[in-house]
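I have a structure I would like to understand better, so I am pasting it below and will then ask my questions one at a time.
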Amino acid sequence: MTIVQRKNIVIQLAIGFVLLGFIIASFSELDSLWGINHLKFLPYSYTIAFFLISLLILIIWLQPNLGTPANNLIDGIDRLLWGKSKIARLALTFSLIIPFFIFRVKAPLLGDSWTWLAIFGHGESYILKWAEPGSILILRSLQNLLGGYSREIALTAFQIMSITSGVIFVHNIISIIGQICKTASGRFLALTTIFLSGAMLLFFGYIEFYPTVWAAISIFLNFAIRYLENGRNLWAVLLTYIICLLMHLQTLYLLPGVGFLIILKTKSKPWRRILLYLYGLGTIGGVIVLIWLLSTKIEFQILLLPLFRGRPPATDYAVFSLIHLADMLNLIFLVFPCGLVLTVIWILYGKRKFDDVVFRFLALMSAGSLLFLVLFGAAITMGRDWDIMSLSLLSPVLLILYQIDRGQPQISRKIIISYSLCTGFMTICFLATAIADKPAEDRFATLLNTRNEAGWAIYANYFLEKGDTNRFKEIIERRNEHFPNLKRLKDAYDLIEKGHYSDAMIIAKNLVKQNPYNSNYLQILGNLYGKFKQYNSAEEYYNKALRLQPYSSTLMNEMGQLYIKEQKYEKAMSILKRAHSISPEHTFIIESMALVDINRQDYKHAIGLADTLFIMDKNSPGAHLISMIIAVNSNSLLAGRYHYNEFLKYGKNRSDYAEIIEYYRYLGD
């Protein structure tokens, strides 16, 4: 047996191991195998298909006369996609619109899909999140073109962005493969690895901004590798990278590769040396700034994982923890199902030498990507937020494919065909699990744990939106079992309602001690310090909560109320206007703004706010309350009595009803 034959047998064993692992994981009771357990959520027809595919792979391996058809297939695809004519490439690219649209995601549960639909589906106002401004502006422009800002139009706009991004990505990735791989076998291996990837789910109407990031990155990589080949148009490379940053700031981790391109452009040795020094200083400076941010800003403390011991709510989750390692392996199998097989091929055949510019560029890109994968704090919900982490695997896989192709591997083309069947089937199973309602719902339930309180809320609200109130209540009950502190938080608020502030303070301080990164706990502590007139402490905890939840209009309203108590009316109005811009439908924010005006004796503007409330609800108790207070302050008792009696009729459901009725009782006499 030759060395090549032995290597091919090793690759076959790796494929067999992946297939075996896939079937075992799918029918085990371990939900922790979320990256490979898709069959357990699908009809039995998929299991039957699995055994048929496995049998077909075995037949391909054992039949000696299948070598020629395999060669013809790979060579034919190579000529079509990377020949002189671009017609086949364009036809393939644009034909993908059909499956992307037909099989688009029906159950938007993964990632922050549900949250984004809520944010962009309620009117003119919206949140311009600092991490992805470009993607958000594209979405809002699409909504405007489609005729409005309803939830349905937001859904359509997201789907258009997703499908269009898929077309852009596939077109560019075919071009990139043609540049980094020079052999037909290498190109086919790269095509099946990336095209039959779990990341393709992002383009099936996926409701998130990560599809646009993948599209932008594919354009950047296409321009960058072309630049490495011909040395022209660095400006275009840098421009496309800036676009990537605008789509999402996570692409900052690709900056080492961009810095390398700039240094490469410099022909002068002294200048190149200076740029290298600046490169090194920039890296050191970036690390120092990051350490400073982590030590001083609570919102940055949750971005990166601790090295050895986790922080609340994931005290078991750290960089060097087995559960984190398991989640990274799950992600690899989810995004690149045959990643293990590809690694084996790379070890056997890859030309691992740091001797050319493409290798160095992809290696530096991979270094930043893998650091992000290992260190980024969103890993504690990686099963649900696989989308933000998935891009970190693209550069390393491109590097591996590049090195394999450079090694001129003597892999049997029958093995390459079987590799594509294996990865293709596993990806189809993942897509089927994520797209259809029932499998997606069942799968999502297995991703929730005691670290993922937000995920439970998303899952419950999903069923509430569908009108399944029984399932909603069931999930809320299960969530409360997993998070007993939710009851303690409710108990603390009940104590506040009864005026037992000291008892509530004991509970709140204990909650914050257990988890200083929970904005709800920080908020109630701020509330209580306000009750005790310790305004500086109240402001401190409100600010911490806002850093963790910067778009919470409810928190902003609480802060505005605090500033009103401190008679800091300009600050109060400023933060209340910001809250109103985020949630114009919240009448309590408008009431708070009117309260600021009343305290400043700007009755004209306050009456305008009351009129706004009357437009929203002709019997608005808040509007009657504002009008009553202004009337009393203006010595217009007749108008005050009218609004008092109206408030008496329509304000019964307000928590402050009894207090207000008692205070202004004289108006009813």
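The values are calculated or read from the model by the stated rules, or taken from the named source; none is laboratory data. For clarity, every value in this text was computed on a predicted model and none was experimentally measured. Here the Cβ positions follow ideal geometry from the backbone for every residue, glycine too, while neighbour counts run over all protein chains shown.
Mind checking whether some residue in the range 301-317 is assigned to a helix (DSSP H, G or I) and either surrounded by fewer than 20 Cβ atoms within 10 Å (Cβ to Cβ) or not β-branched (Val, Ile, Thr) (or both)?
Filtering the range 301-317 down to residues assigned to a helix (DSSP H, G or I) leaves 301.
With either surrounded by fewer than 20 Cβ atoms within 10 Å (Cβ to Cβ) or not β-branched (Val, Ile, Thr) (or both) added as a condition, the list becomes 301.
Among the residues of the range 301-317, at least one is assigned to a helix (DSSP H, G or I) and either surrounded by fewer than 20 Cβ atoms within 10 Å (Cβ to Cβ) or not β-branched (Val, Ile, Thr) (or both), which makes the answer yes.
Can you find a residue in the range 276-288 that is closer than 22 Å to Thr212 by Cα, under 32 Å from the mean Cα position of the chain (by Cα), of a type in the set (A, V, I, L, M, F, W, C) and assigned to a helix (DSSP H, G or I)?
Quick first cut of the range 276-288, residues closer than 22 Å to Thr212 by Cα only: none.
Scanning the range 276-288, I find no residue that is closer than 22 Å to Thr212 by Cα, under 32 Å from the mean Cα position of the chain (by Cα), of a type in the set (A, V, I, L, M, F, W, C) and assigned to a helix (DSSP H, G or I), so the answer is no.
Right, another one. Can you name every residue in the range 320-338 that is surrounded by fewer than 17 Cβ atoms within 10 Å (Cβ to Cβ) and in a loop (DSSP other than H, G, I, E, B)?
Phe320
For the range 48-65, check the following and say yes or no: at least one residue is hydroxyl-bearing (Ser, Thr, Tyr), at pLDDT 90 or above and not in a loop (DSSP other than H, G, I, E, B). Can you show your working first?
Pass one, the range 48-65, residues hydroxyl-bearing (Ser, Thr, Tyr): 54.
Then drop every residue that is not at pLDDT 90 or above, which leaves 54.
Then drop every residue that is not not in a loop (DSSP other than H, G, I, E, B), which leaves 54.
Checked the range 48-65: at least one residue is hydroxyl-bearing (Ser, Thr, Tyr), at pLDDT 90 or above and not in a loop (DSSP other than H, G, I, E, B).
Just checking, how many residues over the range 455-467 are in contact (Cβ under 8 Å) with a residue 40 or more places away in the chain and either touching a Cys at 6+ places or on another chain (Cβ under 9 Å) or closer than 17 Å to Met382 by Cα (or both)?
Going through the range 455-467 one residue at a time, the tally reaches 3.
Further question on the same structure: Among the residues of the range 410-427, which ones are charged (D, E, K, R) and either more than 11 Å from Ile57 (Cβ to Cβ) or surrounded by fewer than 21 Cβ atoms within 10 Å (Cβ to Cβ) (or both)?
Of all residues in the range 410-427, those charged (D, E, K, R) come to 413-414.
Of everything in the range 410-427, just one residue is charged (D, E, K, R) and either more than 11 Å from Ile57 (Cβ to Cβ) or surrounded by fewer than 21 Cβ atoms within 10 Å (Cβ to Cβ) (or both), namely Arg413.
Would you list the helices (runs of 4 or more DSSP H) that sit entirely within the range 347-466 and hold 1 or more residues that are within 27 Å of Leu20 (Cβ to Cβ) and of a type in the set (Gly, Ala, Ser)?
Working: elements: 357-375, 386-390, 394-406, 413-435, 437-447, 453-465.
Correct list: 386-390, 413-435, 437-447.
While we're on this one: What number of residues in the range 597-628 are of a type outside the set (Lys, Arg), within 16 Å of Tyr569 (Cβ to Cβ) and out of contact with any Asp or Glu (no Cβ under 8 Å at 6 or more places or on another chain)?
So the count comes out to 5.
Residues that are without any contact (Cβ under 8 Å) to a residue 12 or more places away in the chain and surrounded by fewer than 20 Cβ atoms within 10 Å (Cβ to Cβ): find the helices (runs of 4 or more DSSP H) completely inside the range 563-616 holding 1 or more of those. It would help to see each step written out before you state the result.
Working: elements: 569-582, 587-599, 603-616.
Hits in the range 563-616: 569-582, 603-616.
For Leu638, all conditions in the list (1) more than 30 Å from Ile127 (Cβ to Cβ); (2) surrounded by 13 or more Cβ atoms within 10 Å (Cβ to Cβ); (3) aliphatic (A, V, I, L, M) hold save one; what is the number of the exception?
(2)
Then there's this: Just checking, how many residues over the range 470-490 are touching a helix residue (DSSP H, G or I) at 6+ places or on another chain (Cβ under 8 Å) and in a helix (DSSP H, G or I)? Let's see the steps before the verdict.
Residues of the range 470-490 that are touching a helix residue (DSSP H, G or I) at 6+ places or on another chain (Cβ under 8 Å), as a first pass: 471-472, 475-476, 478-480, 482-483, 485-489.
This time we only want the ones that are in a helix (DSSP H, G or I), so: 471-472, 475-476, 478-480, 482, 485-489.
Number satisfying all stated conditions: 13.
Look through Thr343, Thr381, Thr423, Thr427 and report the one residue that is among the hydroxyl-bearing types (Ser, Thr, Tyr), out of contact with any Phe, Trp or Tyr (no Cβ under 8 Å at 6 or more places or on another chain) and at pLDDT 95 or above. Can you show your working first?
Numbers: Thr343 fails: at pLDDT 95 or above; Thr381 fails: at pLDDT 95 or above; Thr423 fails: out of contact with any Phe, Trp or Tyr (no Cβ under 8 Å at 6 or more places or on another chain).
Exactly one of Thr343, Thr381, Thr423, Thr427 is among the hydroxyl-bearing types (Ser, Thr, Tyr), out of contact with any Phe, Trp or Tyr (no Cβ under 8 Å at 6 or more places or on another chain) and at pLDDT 95 or above, namely Thr427.
Can you list residue pairs whose Cβ atoms sit under 7 Å apart, with the first residue in the range 329-347 being more than 13 Å from Leu196 (Cα to Cα) and the second being of a type in the set (D, E, K, R)? Count only pairs 6 or more apart in sequence or on different chains.
Cβ pairs passing all conditions: none.
Inside the range 631-654, can you point out the residues that are outside any helix (DSSP H, G or I) and over 25 Å from Arg600 (Cβ atoms)?
If we filter the range 631-654 for residues that are outside any helix (DSSP H, G or I), which is where we start, we get 634-636, 651-654.
Across the range 631-654, the qualifying residues are Lys652, Asn653.
Further question: Could you please give the count of residues in the range 460-492 that are under 27 Å from Tyr529 (Cβ atoms) and surrounded by 15 or more Cβ atoms within 10 Å (Cβ to Cβ)?
So the count comes out to 6.
Restrict the check to the range 65-77 and report whether at least one residue is among the acidic types (Asp, Glu) and surrounded by fewer than 15 Cβ atoms within 10 Å (Cβ to Cβ).
The first filter runs over the range 65-77 and keeps only residues among the acidic types (Asp, Glu), leaving 75.
Next, only the ones that are surrounded by fewer than 15 Cβ atoms within 10 Å (Cβ to Cβ) stay: 75.
Yes, that holds for at least one residue.
Which residue pairs have Cβ atoms closer than 7 Å, lie 6 or more positions apart in sequence or on different chains, and pair a first residue in the range 90-115 that is within 13 Å of Phe203 (Cβ to Cβ) with a second residue that is surrounded by 18 or more Cβ atoms within 10 Å (Cβ to Cβ) and of a type in the set (Phe, Trp, Tyr)?
These pairs meet every condition: Phe100/Phe203; Phe100/Phe204; Phe103/Phe204; Arg104/Phe204; Val105/Phe204; Val105/Tyr206.
Do we have any residue at all in the range 122-132 that's touching a strand residue (DSSP E or B) at 6+ places or on another chain (Cβ under 9 Å) and farther than 14 Å from Phe209 by Cβ? Outline the logic, then answer.
Restricting attention to the range 122-132, the residues satisfying the condition of being touching a strand residue (DSSP E or B) at 6+ places or on another chain (Cβ under 9 Å) are 122-123.
Filter once more, so that each one left must be farther than 14 Å from Phe209 by Cβ: 122-123.
Looking through the range 122-132, at least one residue is touching a strand residue (DSSP E or B) at 6+ places or on another chain (Cβ under 9 Å) and farther than 14 Å from Phe209 by Cβ.
Considering the range 354-389 alone, what residues qualify as being free of Cβ contacts under 8 Å to residues at least 40 places away in the same chain and more than 18 Å from Leu221 (Cβ to Cβ)? Write out each step before concluding.
The initial filter retains those residues of the range 354-389 that are free of Cβ contacts under 8 Å to residues at least 40 places away in the same chain, namely 354-356, 363, 366, 370, 378.
Result: Phe354, Asp355, Ala378.
Let me ask something else about it. Give me a count of the residues in the range 491-513 that are more than 13 Å from Gln523 (Cβ to Cβ), of a type in the set (Ser, Thr, Tyr) and out of contact with any helix residue (DSSP H, G or I) (no Cβ under 6 Å at 6 or more places or on another chain).
At the first step, the residues of the range 491-513 found to be more than 13 Å from Gln523 (Cβ to Cβ) are 491, 494-495, 497-503, 505-507, 509-510, 513.
From what's left, of a type in the set (Ser, Thr, Tyr): 501-502.
Those left that are additionally out of contact with any helix residue (DSSP H, G or I) (no Cβ under 6 Å at 6 or more places or on another chain): 502.
Counting residues in the range 491-513 that are more than 13 Å from Gln523 (Cβ to Cβ), of a type in the set (Ser, Thr, Tyr) and out of contact with any helix residue (DSSP H, G or I) (no Cβ under 6 Å at 6 or more places or on another chain) gives 1.
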